[in-house]
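Working notes, beginning with the structure itself.
The values are calculated or read from the model by the stated rules, or taken from the named source; none is laboratory data. Computed from a predicted structure; not experimentally measured. Note: ideal-geometry Cβ built from the backbone for every residue, glycine included; neighbour counts use all protein chains shown. For the accessible areas, the whole protein counts, side chains as well, though only heavy atoms, and no ligand, DNA or RNA atoms are used. Shrake-Rupley method; radii C 1.70, N 1.55, O 1.52, S 1.80 Å.
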Number of protein chains: 6
Amino acid sequence: MTAKKTALVISAHAADFVWRAGGAIALHQKKGYDITVVCLSYGERGESAKLWKTPGNTLESVKAARRNEAEAAARALGVHDIQFFDLGDYPLEIGRDAKFRLVDVIRKVQPTFMMSHSFYDPYNTDHAYATKIALECRMIAQAWGHNPGQKVLGAPQLYLFEPHQTEQMGWKPDVFLDVTEVWDKKIAAVQCMEGQEHLWKYYVNVAENRANHFKRNSGGQAGGRDARYAEGFQSVFPRTVDEL
Amino acid sequence: MTAKKTALVISAHAADFVWRAGGAIALHQKKGYDITVVCLSYGERGESAKLWKTPGNTLESVKAARRNEAEAAARALGVHDIQFFDLGDYPLEIGRDAKFRLVDVIRKVQPTFMMSHSFYDPYNTDHAYATKIALECRMIAQAWGHNPGQKVLGAPQLYLFEPHQTEQMGWKPDVFLDVTEVWDKKIAAVQCMEGQEHLWKYYVNVAENRANHFKRNSGGQAGGRDARYAEGFQSVFPRTVDEL
Amino acid sequence: MTAKKTALVISAHAADFVWRAGGAIALHQKKGYDITVVCLSYGERGESAKLWKTPGNTLESVKAARRNEAEAAARALGVHDIQFFDLGDYPLEIGRDAKFRLVDVIRKVQPTFMMSHSFYDPYNTDHAYATKIALECRMIAQAWGHNPGQKVLGAPQLYLFEPHQTEQMGWKPDVFLDVTEVWDKKIAAVQCMEGQEHLWKYYVNVAENRANHFKRNSGGQAGGRDARYAEGFQSVFPRTVDEL
Amino acid sequence: MTAKKTALVISAHAADFVWRAGGAIALHQKKGYDITVVCLSYGERGESAKLWKTPGNTLESVKAARRNEAEAAARALGVHDIQFFDLGDYPLEIGRDAKFRLVDVIRKVQPTFMMSHSFYDPYNTDHAYATKIALECRMIAQAWGHNPGQKVLGAPQLYLFEPHQTEQMGWKPDVFLDVTEVWDKKIAAVQCMEGQEHLWKYYVNVAENRANHFKRNSGGQAGGRDARYAEGFQSVFPRTVDEL
Amino acid sequence: MTAKKTALVISAHAADFVWRAGGAIALHQKKGYDITVVCLSYGERGESAKLWKTPGNTLESVKAARRNEAEAAARALGVHDIQFFDLGDYPLEIGRDAKFRLVDVIRKVQPTFMMSHSFYDPYNTDHAYATKIALECRMIAQAWGHNPGQKVLGAPQLYLFEPHQTEQMGWKPDVFLDVTEVWDKKIAAVQCMEGQEHLWKYYVNVAENRANHFKRNSGGQAGGRDARYAEGFQSVFPRTVDEL
Amino acid sequence: MTAKKTALVISAHAADFVWRAGGAIALHQKKGYDITVVCLSYGERGESAKLWKTPGNTLESVKAARRNEAEAAARALGVHDIQFFDLGDYPLEIGRDAKFRLVDVIRKVQPTFMMSHSFYDPYNTDHAYATKIALECRMIAQAWGHNPGQKVLGAPQLYLFEPHQTEQMGWKPDVFLDVTEVWDKKIAAVQCMEGQEHLWKYYVNVAENRANHFKRNSGGQAGGRDARYAEGFQSVFPRTVDEL
């Protein structure tokens, strides 16, 4: 009996997994993966400008609103499980307990692959910090001496999903994923992010242009496979294969 | 009816394809690919020290000897076709005619993937030059206006095979290929290179250690798949996939 | 009396200046600059697939068609002067005479700034080659001993305009230019490129998303200046200023 | 009514702002900017060797001496406001409270531009750490949910000023500022740093040679603008412009 | 009277100094250096899989076993002094007290050179973290205001020893050391690491291949000096010499 | 009987060896090395602005003047042999014959070390081109099949000497050489460059500041060795040593 395929998406703020990996999530759910999303924070302080411009909001009401949006988006994508660590944002701070909590999730999920942010982001230090912690927790989850008796982690790929202003982040995609067949789910999820409506069109443009890159790299003018929407990812680790 | 899978290996000197891609060649031949190898030169001036230390050799006799070795190695690997462009080495020089000859080969082979050297090599400028030309010819082969009517090239991956002193070349493998099942063929091919016996042990060590990397990246201490011999490659272009 | 401001755009193929710098050209023409465009080739072999798929075309007819498109686009943008060097493409080859011809243009134009392609492009070696030559000719144009008596060149900035698949090229924009007020001209120029209609939507998306980057870097959620369309450029040389 | 122009310089140790940005400070003060300098530490442990070699000094006396020097230098440069956070050095340690204190300053100043150290410094880990914190606090200051009701920060440039041994730090200036007209103020400020007299000549040399770079990049042998003293800076973020 | 030559090796886990610097340690001990090794942790949680797979082990028994192995290896290499900081691993955490303890060691040893891990390691965040701390403590040890009256540190080189999967770490050796004459000691030390027998062959291969690099860079086919075993290191700081 | 130590400096233009390596040349001559300098061009077109501004000069008269200056500088430095290849500048062009001529020199000199320009220079493409050729000719000189019977080259280090505007060239020195004891010779040589008097002070400043770096890296405030003038170099190849 083979194990169920799973994946784990580590999102610094509540909405990041939607813009940056919504297509990958919906597609892999459709293929039978169970995808778990961990939102380290709600993005309540730094990524909720529209709410804060509305009178009467408080930290708690903003967090609740962001959580609702994220949960709705997760449902639209068919996410198996979404967890909110509520660690605060701007800045995100992850102590020893939170790391071990994340390790627990990693070990329970036993992901085939993991996802997180780019290595560098001068606009948003929470993003690169989340990835730094993702790598640290991946390492801890591999340690036989951490909670001995638990099943240790293997060596899942860590994909870095697309940041805003890719070139400023030094992010370089090495794999394009055709998400055309689940695009309706991604767009539905995107539209759950009511507080960031200014980004909807932006990420539609991104997906269309990544589809151009998909086509270009799958054959170009000589018969590249058509794709209308795609997402790009940067791999951290080498692949191991039996055929190139 | 699907087209036959093919690959094209562009080797600056006669022996490069053996040390650096012999396992990949034998493995893909076994899987039904037709592999074509183009040796741009025989390595007659710069990579035949042992022969030159033997009295009586001339440029022609050295080239003949190197050709014999390369052909024997190609046979050992099951290479479909090996071609010698005889363009000279140290320095390798590739003019317009030679480029178009290489384009002809590329178009005829219609490779699923191509292979060549690292982007940078301060020890051996022929190596990086071969890769520069490989990219240029890949581009020409894609041009609808080059020999109109011929089938143009799609967008094959270009893999950079392992250079000597990898770190000095800035080469970083992103894929490891398990070549255990064809190791006997690679070692047979390596042993055809009588003029460079000092490198046999070196490349056995490389293959063993790359197998360790294969294992580490396929699961590590938590059940990484065993491999006794592997080869590493660096991809130039992004992949296009339907599942991560 | 102050000299007229001028700029020089060096385009490897006939259409490059349109997609990558059309807004900058139209905007600076409107501001009173005289912009000269040099098309080193027509892109006749490699960037005219649609024409080649049409029966009856020849190298000459394709070149004529591409020239017509480029001239129409130049008119739409208000280009002061467009010159076709007709050096061939895929591969572009630039000998000593062609270099000196380009130096002549540079010296005659005495550009306030120059533009060309990204430093690196594994998909299209003509692009990076054009930039290499642009730098070489900029240097020659500065030499007091080249055609003594002519006015030598100062130290114009060289902007690298946006390549396709920016991240694969290692291109990083350090300046965003708001081209909203001339967008109608750019879109008119883009639509002159009848042979590459599949790219129209692509570059509209790019301009919209670069406008988002413009806004983000001019103030973001705290009052970033609105822009609907923008272009990005990477500077090669440091700026010299009297105020930061 | 337009807002007053302001800038904020974040200096890891008391003297850094003098050597590395003294000219920029004096020049912009002269142009009507209000410049605020924050010294995160006095450099009391690690950058006061001369004082420690003098018998009788204590941590408090060294801090007092360094503060006096920095205040005198600030006066010489016409600094609008200088603040000492006294967070300790070698190592500098910046906790949550200190970060929020820095955010308060950033929001109050609303800087047109900010300045801090290079991204990397293997000789002095305090330097890169200060820049890391500067970016983090810039982000927090942009968060609408941080102290709601306060005026949030826009998107000021962060300039990295010149480190010692620039090449070892991977620091690359992209803008040179002519500081000739305020050189008397910078040299007066430099001479306030009595404990580091061995560096006076060093930074005069730097300013003279940066003036050469200014001239070279503003026209070179063909009429580059003369400058006798200049400072160089590396920009972190792209610029947004209406004319190149 | 000249001071005794000394060196300090900072090892994140108990076994790192053996695989990565065992030859350098034994060789310099033989040349009269006193080498001090600091093991920041025992690698008890993350690098002791074999022990944890054996029933009955506890954190304390694993630490004891690892300590025994490391002490035996140190004896085999002739290490002058080995200290165990027992700071925990996966993740390694180094607070202010531990830093100052390391500074005390650095000042006492006054090393001619220091050694630690590569700057980057996505597989093992403890490694790069150890190097970060090594640089920070080197800086603190140079501060005249830290424990005034103690002898401050000069400017010892920091060598980064060879990581596993060098290319993934961006590690580039700039010096190769011939360790042939002490190879028996290194192999004896390696064989003390009973829990990691799978790595013995791996590091023999590495040493043989580094010897090939030694030979290649000391003359190659034209009389490169023979070496059977070598180790490679990357220098962080520039050298200062009287002859090239 | 040991061979005489020798070195070879490859200078793109007549004056480069003076500014960038004059101290190293004079120092090694004093230590008994025979230094050969090859000037690939006179810098007659691009680096002789002052002469061209003087009425009556011709290409030949400028070349003669530059040659005189270079010979005088070589004498001041005690250069063993200076050769002028007269290949033209702006652009420098090096064909097959010129390469083989350079190989002849390399083989005759059998240099302990070689020197040339930085790898990258957007201001001056002749510089990086000279280094590219230096590496190519080093390779050819190592080929047993090139002029069989001649003594082949070993593996000399290639040092990249200091370019103008180091940070723009991505040049990073890894070795500093104290040239204080031959400074009078370097300054005498510098003053032979009458056409470039504007650079004299510049390179005095450079040498003084490199001496500061020398001191800093040889011990800093804790007893760094004093040096008044130094030069910096970047090594291309790893070193091979018996002691770190």
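Taking first residues from the stretch E:3-29 that are within 19 Å of residue E:155 (Cα to Cα) and at pLDDT 95 or above and partners that are of a type in the set (A, V, I, L, M) and open to solvent by 10 Å² or more (accessible area, probe 1.4 Å), the Cβ contacts under 6 Å between residues at least 6 apart in sequence or on separate chains come to E:6/E:109; E:8/E:109. Look at residue F:232 and say whether it is surrounded by fewer than 19 Cβ atoms within 10 Å (Cβ to Cβ) and either in contact with a Leu (Cβ under 8 Å, 6 or more places away or on another chain) or at pLDDT below 95 (or both). Against the criterion (surrounded by fewer than 19 Cβ atoms within 10 Å (Cβ to Cβ) and either in contact with a Leu (Cβ under 8 Å, 6 or more places away or on another chain) or at pLDDT below 95 (or both)), residue F:232 does not qualify. Confirm whether residue F:120 is open to solvent by 30 Å² or more (accessible area, probe 1.4 Å), in contact (Cβ under 8 Å) with a residue 40 or more places away in the chain and over 28 Å from residue F:29 (Cβ atoms). Considered against the rule, which asks whether it is open to solvent by 30 Å² or more (accessible area, probe 1.4 Å), in contact (Cβ under 8 Å) with a residue 40 or more places away in the chain and over 28 Å from residue F:29 (Cβ atoms), residue F:120 comes out as yes. In this structure, does residue B:69 turn out to be within 14 Å of chain C (Cβ to nearest Cβ) and among the acidic types (Asp, Glu)? So residue B:69 does not fit the description; no. Return yes when residue A:181 is under 15 Å from the mean Cα position of the chain (by Cα), away from chain E (no Cβ under 14 Å) and either under 20 Å from residue A:25 (Cβ atoms) or aliphatic (A, V, I, L, M) (or both) and no when it is not. Against the criterion (under 15 Å from the mean Cα position of the chain (by Cα), away from chain E (no Cβ under 14 Å) and either under 20 Å from residue A:25 (Cβ atoms) or aliphatic (A, V, I, L, M) (or both)), residue A:181 does not qualify.
Looking across the stretch E:226-244, the residues that are more than 21 Å from residue B:195 (Cα to Cα) and in contact (Cβ under 8 Å) with a residue 40 or more places away in the chain come down to E:229, E:230, E:231, E:232, E:233, E:234, E:235, E:236, E:237, E:239.
Across the stretch A:137-177, the number of residues qualifying as of a type in the set (A, V, I, L, M, F, W, C), surrounded by 23 or more Cβ atoms within 10 Å (Cβ to Cβ), within 14 Å of chain E (Cβ to nearest Cβ) and closer than 22 Å to residue A:22 by Cα comes to 1. Among the residues of the stretch A:1-59, those identified as out of contact with any Gly (no Cβ under 6 Å at 6 or more places or on another chain) and hydroxyl-bearing (Ser, Thr, Tyr) are A:2, A:6, A:11, A:33, A:36, A:42, A:54, A:58. Determine if the stretch F:142-150 includes at least one residue that is in contact (Cβ under 8 Å) with a residue 24 or more places away in the chain, hydrophobic (A, V, I, L, M, F, W, C) and either over 26 Å from residue F:62 (Cβ atoms) or out of contact with any His (no Cβ under 7 Å at 6 or more places or on another chain) (or both). The answer is no; no qualifying residue exists.
Cβ-Cβ contacts under 7 Å between residues 6 or more apart (or on different chains), taken from a first residue in the stretch E:55-80 that is free of Cβ contacts under 8 Å to residues at least 12 places away in the same chain to a second residue that is buried (at least 17 other Cβ atoms within 10 Å of the Cβ), are listed as E:57/E:51; E:71/E:82.
In the stretch E:103-119, the count of residues that are within 7 Å of another protein chain (Cβ to nearest Cβ) and in contact with a helix residue (DSSP H, G or I) (Cβ under 6 Å, 6 or more places away or on another chain) is zero.
Examine the stretch D:41-55 for a residue that is closer than 25 Å to residue D:107 by Cα and open to solvent by 50 Å² or more (accessible area, probe 1.4 Å), and state whether such a residue exists.
Step one: filter the stretch D:41-55 for residues closer than 25 Å to residue D:107 by Cα, giving D:41-42.
Of the ones still in play, those that are also open to solvent by 50 Å² or more (accessible area, probe 1.4 Å) are none.
No, the stretch D:41-55 has no match at all.
Given the criteria in a helix (DSSP H, G or I) and more than 29 Å from residue D:95 (Cα to Cα), does residue A:134 qualify?
Values: in a helix (DSSP H, G or I): yes; more than 29 Å from residue D:95 (Cα to Cα): no.
So residue A:134 fails the test.
Contact map, the stretch D:162-176: residues that are assigned to a loop (DSSP other than H, G, I, E, B) paired with residues that are of a type in the set (Ser, Thr, Tyr), Cβ distance under 6 Å, separation 6+ or inter-chain. Pairs shown: D:163/D:118; D:170/D:120; D:171/D:118; D:174/D:235.
Please verify whether the stretch A:99-117 includes one or more residues that are under 19 Å from the mean Cα position of the chain (by Cα), closer than 30 Å to residue B:174 by Cβ and small (Gly, Ala, Ser).
If we filter the stretch A:99-117 for residues that are under 19 Å from the mean Cα position of the chain (by Cα), which is where we start, we get A:99, A:101-117.
Imposing the further condition that a residue be closer than 30 Å to residue B:174 by Cβ reduces the set to A:99, A:102-103, A:105-117.
Now restrict to residues that are small (Gly, Ala, Ser): A:116.
Scanning the stretch A:99-117, I find at least one residue that is under 19 Å from the mean Cα position of the chain (by Cα), closer than 30 Å to residue B:174 by Cβ and small (Gly, Ala, Ser), so the answer is yes.
For the stretch F:208-225, filtered to residues that are farther than 13 Å from residue E:241 by Cβ, in contact (Cβ under 8 Å) with a residue 12 or more places away in the chain and open to solvent by 40 Å² or more (accessible area, probe 1.4 Å), the residue that is nearest to the chain's Cα centre (by Cα) is F:208. Scanning the stretch E:93-110 for residues that are open to solvent by 10 Å² or more (accessible area, probe 1.4 Å) and of a type outside the set (Asp, Glu) returns E:94, E:95, E:96, E:98, E:99, E:100, E:101, E:105, E:107, E:108, E:109, E:110. Checking the stated criteria, residue E:93 turns out not to satisfy the condition of being of a type in the set (Asp, Glu), more than 11 Å from chain D (Cβ to nearest Cβ) and over 30 Å from residue A:130 (Cβ atoms).
So, residue C:243, is that one within 30 Å of residue D:35 (Cβ to Cβ) and of a type in the set (D, E, K, R) or not?
Numbers: within 30 Å of residue D:35 (Cβ to Cβ): yes; of a type in the set (D, E, K, R): yes.
Yes.
Being of a type outside the set (A, V, I, L, M), more than 8 Å from every other protein chain (Cβ to nearest Cβ) and open to solvent by 20 Å² or more (accessible area, probe 1.4 Å): is that true of residue A:125 here?
Values: of a type outside the set (A, V, I, L, M): yes; more than 8 Å from every other protein chain (Cβ to nearest Cβ): no; open to solvent by 20 Å² or more (accessible area, probe 1.4 Å): yes.
So residue A:125 does not fit the description; no.
Take the conditions (1) part of a helix (DSSP H, G or I); (2) open to solvent by 10 Å² or more (accessible area, probe 1.4 Å); (3) modelled with pLDDT of 95 or more; residue F:205 misses just one of them, which is (2).
When the stretch F:208-235 is examined, which residues are found to be away from chain D (no Cβ under 13 Å), among the charged types (D, E, K, R) and not in a loop (DSSP other than H, G, I, E, B)? Result: F:231, single match. Within the stretch C:190-202, the only residue that satisfies the criterion of being at pLDDT 95 or above, more than 13 Å from chain A (Cβ to nearest Cβ) and open to solvent by 60 Å² or more (accessible area, probe 1.4 Å) is C:191.
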